[in-house]
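Read-outs throughout are calculated quantities, based only on the coordinates presented, and are distinct from any laboratory measurement. Given the structure is predicted, the values throughout are model-derived calculations rather than measurements. Neighbour counts are summed over all protein chains in view; Cβ atoms, including those assigned to glycine, are modelled from backbone coordinates with ideal geometry.
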Amino acid sequence: MTVPRFLPLLLVVLSLAACSSRALYDTAGAGAGAVIANQLSDGDAMMTAVGAGGGVLASELLQGAAENGRREQYNRGYDRGASDAAKRMYWVTQNLQQPDARRETKLRYYTFPAGGMAADGVNEQPYEVTVPVEE
């Protein structure tokens, strides 16, 4: 029984579909490096293996650079968001501490009688208490 030529390739593709994207990129880099090294070295097995290793190395370097770029962008966005929240809180505090220009306040004085008979039965001189109230 002969195995069709595309079956091993099909098995590799199906197994890579279940892997993470990092493994997929590494495998693609290894394959591309092996093909290029194989073509340049006229089929030398050692050079093909070295080319596959170089392809994986190139793939990892590119993925690492992309990951660093994503992480840097995330951190920059986080810092900007935190800065924006601090600025918003500052202006909310500033606005709360300023008097409201739309509100017109009126100061009134209310006078209440005080003194007279205390709870313990002592007679006190009557007097008035004036309380300022802002309305």
Problem set entry | Coil-residue GluC sites (Glu not before Pro) of region 56-114, DSSP, other Cβ within 10 Å capped at 15 | Glu104
Seminar exercise, completed: Expressed in angstrom and ordered largest first, the alpha-carbon extents of region 14-97 along the principal axes are 80, 26, 13
For this session: Take the eigenvalues of the Cα gyration tensor for region 59-127, scale each by 5, and report the square roots as semi-axes in whole Å, largest first.
Result: 70, 19, 5
Exercise. Between Asp79 and Glu134, what is the FRET efficiency for a Förster distance of 30 Å, r being their Cβ-Cβ separation, to the nearest 0.05?
Worked result: 0.10
Problem set entry | Förster radius 30 Å - calculated FRET efficiency between Asp42 and Leu62, Cβ distance, rounded to 0.05 | 0.60
Exercise. Quick one: Cα centre-to-centre distance for region 47-74 and region 81-98, in angstrom?
Worked result: 43 Å
